[in-house]
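Note sheet for the following structure.
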Amino acid sequence: MSHHLVEINHLQYTYPDGTSALRGVSFRITHGEAVAIIGANGAGKSTLLLQLNGCLLPQAGTVRIGDLPLNKETLSYVRRTVGMVFQDPDDQLFMPLVHDDVAFGPLNLGLPPEEVEERVVSALATVGALHLKDRPPYRLSGGEKRAVAIASVLSMSPSILVMDEPTSSLDPQTRRQLIQLLKTFNHTLIIATHDLDLVLDLCSRTIVMKEGLIVADGPTLEILQDEELLHSSGLEKPLRLQGCPVCQARSGPAG
Amino acid sequence: MHMADALISPAVGGAMWAATAGLTIYSAKKLKENVDEHIVPLMGVLGAFIFAAQMINFTIPATGSSGHLGGGMILAILLGPYAAFLVMASVLTIQALFFADGGLLALGCNIFNLGFFPCFIAYSFIYKKIVGEQPTRGRILLGAMVAAILGLQMGALGVVLETLFSGNSELPFSTFLLLMLPIHLGIGIIEGLVTAAVVTFVWKAHPEIVTLAPSSPAKAHSHKPLLIGLALFAVVAGGMLSWFASTHPDGLEWSIKGVSGKEELDAPQEGVHGAMAWIQEKLAFLPDYDFKKPEEAKEGMAGKEGEKASKGKEEESWPAVSAGKSLAGILGAALTLLMAGAIGFGLRRYYSHSKG
Amino acid sequence: MGHIESSLLNIGYLETLSYQQTPLHRLDPRVKLLTTLVFIVAVVSFGKYEITGLLPFIFYPVVLMAVGNLPPGYLAKKILLAAPFAFFIGIFNPLLDRAVLVHLGPIGISGGWVSFVSIMIRFTLTVSAALILIAGTGLNAVCLALEKMGAPRSFVTQLLFLYRYIFVLTDEALRLARARALRSFQGRGMGFKVFSSMIGQLLLRTLDRARRIHLAMLSRGFDGKIHLLRPLHLHGRDVAFFLGWSGLFVLMRWFNIPHLLGNTITELFR
C-alpha cells in the first residue's frame with residue numbers, strides 16, 4: 001500500500017508578504033500511522049498541511065504522496081489520495097444541503113450518480129450523520145458540522161486523512177465522540193492541533209514545530225513528557241500527565 | 001428606493017425583466033470568457049458580505065438618523081462590472097424573496113436601477129476614469145464619491161421613469177423627480193464616503209485586491225456594443241410590450257397631461273374607459289350578462305336601490321363605477337372576500353385534521 | 001443590532017417553513033415559480049382604478065397558505081413591514097387626483113383614493129405571492145428551478161453561495177456590531193469612522209474566508225464547475241396546479257367576478 005506514504009524533503013515556503021512559514025521541513029509518514037503536528041500559533045502547522053494536498057505548491061524541496069511527487073500534473077491524484085478536513089467546518093461545507101456537500105467531491109471525480117449516492121450514504125453513516133442528509137449546513141450544531149465535514153472528505157475515499165484542529169470549539173462530549181470515531185479509522189492520520197490530550201489518545205507519533213522548523217519528532221508519550229521542549233515551543237504538558245500517579249509510574253520506563 | 005410590484009405595469013415590469021435577463025446572460029457569458037470561473041464562490045461570499053454589511057448602521061452626524069451601505073460600487077471595484085452585476089442581482093433577489101423589498105415583477109427594475117447603473121455606467125465610465133491604473137487615496141475618494149453619487153442619481157431617475165411609465169402613481173414627473181433626486185443625493189454622498197473608506201482600508205491592508213479588479217478585462221470601450229444593443233432592445237421591447245398592453249393608459253402621455261394640471265381625470269379615464277371597452281368586447285360572447293351593457297344594468301338597479309344610488313348621474317363617464325355598479329361591486333367584493341376566508345379556514349381545518 | 005438578529009431569524013423562519021411536507025411543498029419548484037409570475041402579471045395588469053376585479057385574486061394566497069400550512073399572521077406582518085415605499089408613493093394619489101370618481105350614497109370618493117386603495121391591494125397580493133413562493137419552496141429549490149429554466153449557471157451558483165454564507169457573515173457582522181455597541185456610550189463610537197473600519201474589517205475577513213472556501217473546494221477536486229445532483233420531475237399534479245391556477249387567473253382577469261356576483265344578487269332581489 002505504497003500510496004499511503006507521505007514523504008517530505010527540505011520543504012520551504014514563503015508567503016508573498018515575506019513571511020517565511022516553512023524553512024526546510026523533512027519527515028516521512030508510513031501506512032496507518034497516526035501523527036500529530038503540534039506547535040505554537042504561527043509555527044507553520046497550517047502551511048504544512050496546505051502543502052500536503054497541493055493547496056500550496058512547494059517553493060523548494062519536495063512533497064511525495066505515495067509513489068508520486070506533488071506537482072501540477074499529479075495534483076488531482078494527490079487530492080484524491082489526501083483528504084483535508086479544514087479547521088472551520090463553515091469553510092468546508094459550502095453547498096446548499098449536507099447531501100450535496102458530501103456528493104461534491106465524488107461528483108468532481110466524475111463518478112456515476114449511483115456510485116456517488118452510495119458513497120454519500122456510506123460516508124454519512126460512518127460519521128453517524130445519515131439523518132442530517134437533507135439539512136442545510138447552517139442548521140447543524142458544531143459537532144454535527146464537524147462530522148459532516150469529515151464525511152465530505154471520506155466520500156472521496158482518501159487513503160490519508162489530514163485534519164486541522166479537529167476538536168476546536170467542540171463541547172467535551174462531542175469531542176470525546178469525535179476521538180472515538182477517529183480511533184476506528186484505519187487511514188493514515190495527520191492531525192495539527194493544540195489539543196494535546198487528543199494527541200495522547202490518538203497519535204502514536206508527534207512532530208513538534210517551531211518557527212517553520214521541526215524541533216522534535218518521536219513517540220508521543222516521550223515528547224509530551226519533555227517539559228523543557230514543550231515550554232520552549234510555546235506548549236504545555238497535558239493535564240493528564242501532570243502529577244498523575246499512573247502516568248508517573250508509566251513515565252519511569254518510557255523516560 | 002426599491003420599486004414595488006404595486007406601482008408598475010406589466011409592460012414596464014416585463015421590459016425591465018427582459019433587459020435584466022439579457023444583462024445577466026451577457027454578464028455570465030463575459031465572466032466565462034474573461035474571468036476565471038473560480039471567482040464564482042468569491043462572488044457569492046461577497047454578496048453575503050454586502051448583505052451582512054447592510055445590517056450594520058452608523059449614525060449620520062448632526063441628524064441622528066442612520067445610514068448603511070448599498071454595495072454596488074464596492075462590488076464593482078472588487079470584482080469588475082460583470083461579476084458585480086451578477087452579485088447585485090442576487091442580493092436584490094434575496095431581498096425581494098425574503099424581505100418583500102420590491103417584488104418579483106419589479107425585480108427587473110430594481111436590478112437595473114441598483115445593479116446596471118453603478119456597475120456598468122458609474123464604475124466603468126466614472127470611477128475607472130478617475131482612479132485609473134494607479135490608485136491613490138485621493139483618487140479613490142474622488143472616484144468613489146462621484147461614481148456613487150451619479151450612480152444613485154441614475155438609479156433614482158430610473159425609479160421615477162419606471163413609475164411614470166407604469167401610470168399607477170399620480171405624482172407629476174417634475175415633483176417626483178424633485179422628491180427623489182435630493183434624497184438620493186444624500187444617500188449617494190454617504191455611499192460614496194463609505195465606499196471610499198472601505199476601499200482605502202482594504203487597499204492599505206492588501207493593495208493587490210483593489211488593483212486586481214480594475215485590470216481585469218473590463219475595458220470601458222467594450223461596453224459600447226452592449227449599451228447600443230441594450231438601448232435598441234429597450235426601444236423595441238418597450239414598443240412591443242406597450243402595444244400588447246394597449247389596455248393601459250399611455251404613461252408618458254398621461255404624465256405630460258398630469259403635469260399640465262387640469263386634465264388629471266380625463267386622461268386616465270380615457271385609458272380605463274378604453275380598457276373597459278376592450279374587456280366588454282371580449283365579453284360580447286356572453287350576451288346574457290348585463291355587465292356588457294351598463295346602462296341597462298343601472299336601470300335595473302335604480303328602482304330598488306334608488307335612494308342609495310341617488311348621486312349616480314355622471315356614470316356615463318365611466319360605466320364601471322356607476323352607483324348601481326358600485327353597490328353591486330361592494331356586495332360582490334364582500335362575498336368574494338367572505339368566500340375566500342371560508343375556503344381558507346376550511347382548508348386549514350381540513351389539513352390540520354388530516355395531519356393530526 | 002436587534003435588527004440584524006431579527007433579519008436572521010426571519011430568513012431562518014421562512015426557511016423552516018419551507019421544510020414542511022405539504023401538498024404545496026411537494027410541488028415542483030418550477031411550477032410554483034411560474035404560477036407566481038403569472039399571478040403577479042395578472043394582478044398588475046389591471047387598470048389603475050380597479051378594486052373589485054382584484055379581489056378574487058385573494059383566493060390564491062389564501063388557499064396556498066392553508067394548503068401549505070403557512071401562518072397568515074406572520075406573513076401579514078412581513079407584508080406590513082415592507083409596505084412603506086408603495087404607501088408613500090401611493091399616498092400622493094389622493095392629494096393630486098381629487099376629482100370624484102365614485103359615489104356611495106352621499107359620499108363622493110375621489111379617483112385618487114380609489115387608485116391608492118388599488119395600489120395597496122396590488123401590493124398585498126404581489127408581496128404575499130412572493131413570500132408564499134419562498135416559504136412554500138425554499139431558496140435552494142427556487143435556485144434549482146431557475147437553473148433548469150435556463151438561468152446562467154454562474155448566476156445560480158453564486159446565488160446559492162450567497163444564501164449559504166448570509167448566515168455565517170451576518171453572524172460575524174452581529175458579533176462586530178455587538179462588540180461596538182458594548183463599548184460605545186451615549187452614541188459615541190457609532191459614527192462614520194468606526195463604521196467604515198468595521199466594514200473594512202468585515203470585508204477583509206470575508207475575503208479571507210472566501211480564500212479558505214476556495215481551498216476547501218480545490219481539495220475536493222473543484223475545477224470551476226459545480227455539479228448539482230438533483231433531477232426534477234414534472235408530475236401530473238404539477239401540470240394541473242399550473243394550468244388550473246393560470247386558467248383561473250386569466251378568468252379572473254377577463255371577468256370581474258365580484259361584479260357578476262353582485263349583479264346576480266341585486267337582480268335576484270329586485
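The values are calculated or read from the model by the stated rules, or taken from the named source; none is laboratory data. The structure presented is a predicted model; accordingly, all values stated were derived computationally and were not measured. Here the Cβ is made from the backbone with ideal geometry for all residues, glycine too, and neighbour counts use every protein chain on show.
Tell me, yes or no, whether the stretch C:172-192 has at least one residue that is polar (S, T, N, Q) and facing chain B (nearest Cβ under 7 Å). No.
The set of residues in the stretch C:221-240 being on the phi > 0 side of the Ramachandran plot and surrounded by 15 or more Cβ atoms within 10 Å (Cβ to Cβ) consists of C:Gly221 alone.
May I ask you to verify whether B:Glu170 is crowded, with 24+ Cβ neighbours inside 10 Å and in a loop (DSSP other than H, G, I, E, B)?
Yes.
Out of everything in the stretch C:57-83 that is under 20 Å from B:Ile8 (Cα atoms) and either modelled with pLDDT of 90 or more or not assigned by TED's automatic domain parsing to the domain that holds C:Phe116 (or both), what residue ends up being surrounded by the most Cβ atoms within 10 Å (Cβ to Cβ)? The extreme case among them is C:Phe57. Restricting A:Arg64, A:Arg23, A:Arg28 to those that are assigned to a strand (DSSP E or B), over 18 Å from the mean Cα position of the chain (by Cα) and at pLDDT 90 or above reduces the list to A:Arg23.
Evaluate the following for C:Ile265: is it more than 24 Å from the chain's Cα centre (by Cα), within 14 Å of chain B (Cβ to nearest Cβ) and touching a residue at least 12 places away in the same chain (Cβ under 8 Å)?
No; evaluated as a whole, the condition is false for this residue.
Would you check if there is a residue in the stretch B:153-165 being farther than 24 Å from B:Gly13 by Cα, out of contact with any His (no Cβ under 6 Å at 6 or more places or on another chain) and at pLDDT 85 or above? No, because not a single residue in the stretch B:153-165 is farther than 24 Å from B:Gly13 by Cα, out of contact with any His (no Cβ under 6 Å at 6 or more places or on another chain) and at pLDDT 85 or above.
Assess whether C:Gly112 counts as being surrounded by fewer than 18 Cβ atoms within 10 Å (Cβ to Cβ) and either out of contact with any Lys or Arg (no Cβ under 9 Å at 6 or more places or on another chain) or within 8 Å of another protein chain (Cβ to nearest Cβ) (or both). Against the criterion (surrounded by fewer than 18 Cβ atoms within 10 Å (Cβ to Cβ) and either out of contact with any Lys or Arg (no Cβ under 9 Å at 6 or more places or on another chain) or within 8 Å of another protein chain (Cβ to nearest Cβ) (or both)), C:Gly112 does not qualify.
Mind telling me which of the residues C:Leu251, C:Leu218, C:Leu204, C:Leu243 ends up being within 7 Å of chain B (Cβ to nearest Cβ) and surrounded by fewer than 20 Cβ atoms within 10 Å (Cβ to Cβ)?
Details: C:Leu251 fails: within 7 Å of chain B (Cβ to nearest Cβ); C:Leu218 fails: within 7 Å of chain B (Cβ to nearest Cβ); C:Leu243 fails: within 7 Å of chain B (Cβ to nearest Cβ).
One residue alone meets the criteria, C:Leu204.
Residues of the stretch C:1-16 that are of a type outside the set (Ser, Thr, Tyr), more than 14 Å from the chain's Cα centre (by Cα) and modelled with pLDDT of 85 or more: none at all.
This table checks each residue for (1) buried (at least 24 other Cβ atoms within 10 Å of the Cβ); (2) touching a residue at least 24 places away in the same chain (Cβ under 8 Å); (3) farther than 18 Å from B:Ala48 by Cα.
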site: B:Phe85; (1), (2), (3): yes, yes, no
site: B:Ile94; (1), (2), (3): no, yes, no
site: B:Phe99; (1), (2), (3): no, no, no
site: B:Gly108; (1), (2), (3): yes, yes, yes
site: B:Ile111; (1), (2), (3): yes, yes, no
site: B:Gly115; (1), (2), (3): yes, yes, no
site: B:Cys119; (1), (2), (3): yes, yes, no
site: B:Phe125; (1), (2), (3): no, yes, yes
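In the stretch B:72-113, which helices (runs of 4 or more DSSP H) lie fully inside it and hold 1 or more residues that are modelled with pLDDT of 90 or more, among the hydrophobic types (A, V, I, L, M, F, W, C) and touching a Lys or Arg at 6+ places or on another chain (Cβ under 8 Å)? Because the criterion is at least 1 residues that are modelled with pLDDT of 90 or more, among the hydrophobic types (A, V, I, L, M, F, W, C) and touching a Lys or Arg at 6+ places or on another chain (Cβ under 8 Å), no helices (runs of 4 or more DSSP H) in the stretch B:72-113 meet it. Residue pairs whose Cβ atoms lie under 7 Å apart, sitting 6 or more positions apart in sequence or on different chains, and linking a residue in the stretch B:3-27 that is closer than 19 Å to B:Leu97 by Cβ to a partner that is among the acidic types (Asp, Glu), are B:Met3/B:Glu162; B:Ile8/B:Glu162; B:Met16/B:Glu162. The set of residues in the stretch A:21-64 being surrounded by 23 or more Cβ atoms within 10 Å (Cβ to Cβ), touching a strand residue (DSSP E or B) at 6+ places or on another chain (Cβ under 7 Å) and farther than 17 Å from A:Ile207 by Cβ consists of A:Asn53 alone. Among the criteria (1) within 25 Å of B:Gly346 (Cα to Cα); (2) not in a helix (DSSP H, G or I), the one C:Val31 does not fulfil is (2).
Here are some residues: C:Leu17, C:Leu24. Which one is in contact with a Gly (Cβ under 9 Å, 6 or more places away or on another chain) and under 17 Å from C:Ser246 (Cβ atoms)?
Just a single option satisfies the conditions, and that option is C:Leu24.
Evaluated against (1) assigned to a loop (DSSP other than H, G, I, E, B); (2) under 15 Å from the mean Cα position of the chain (by Cα), A:Gln51 falls short on exactly one condition, (1). Of all residues assigned to the stretch C:146-162, none qualifies as being more than 7 Å from every other protein chain (Cβ to nearest Cβ), surrounded by 14 or more Cβ atoms within 10 Å (Cβ to Cβ), modelled with pLDDT under 85 and part of a loop (DSSP other than H, G, I, E, B). Taken together, the residues in the stretch C:59-84 that are touching a helix residue (DSSP H, G or I) at 6+ places or on another chain (Cβ under 8 Å) and under 12 Å from C:Phe123 (Cβ atoms) amount to 3. Considering the conditions (1) assigned to a strand (DSSP E or B); (2) more than 14 Å from chain C (Cβ to nearest Cβ), A:Gly83 is excluded by exactly one of them, (2).
Screening the stretch C:34-48 for residues that are among the hydrophobic types (A, V, I, L, M, F, W, C), in contact with a helix residue (DSSP H, G or I) (Cβ under 8 Å, 6 or more places away or on another chain) and assigned to a helix (DSSP H, G or I) and picking the one that is surrounded by the fewest Cβ atoms within 10 Å (Cβ to Cβ) gives C:Leu34. Checking the stretch A:235-245 against the condition returns a match, with at least one residue being closer than 18 Å to A:Val35 by Cα and either modelled with pLDDT of 90 or more or of a type in the set (A, V, I, L, M) (or both).
The single residue among A:Ile179, A:Ile223, A:Ile191 that is surrounded by 21 or more Cβ atoms within 10 Å (Cβ to Cβ) and under 14 Å from the mean Cα position of the chain (by Cα) turns out to be A:Ile191. When the stretch C:49-85 is filtered for residues that are closer than 24 Å to C:Ile109 by Cβ and outside any helix (DSSP H, G or I), the ones remaining, listed by number, are C:Tyr49, C:Glu50, C:Ile51, C:Ala83.
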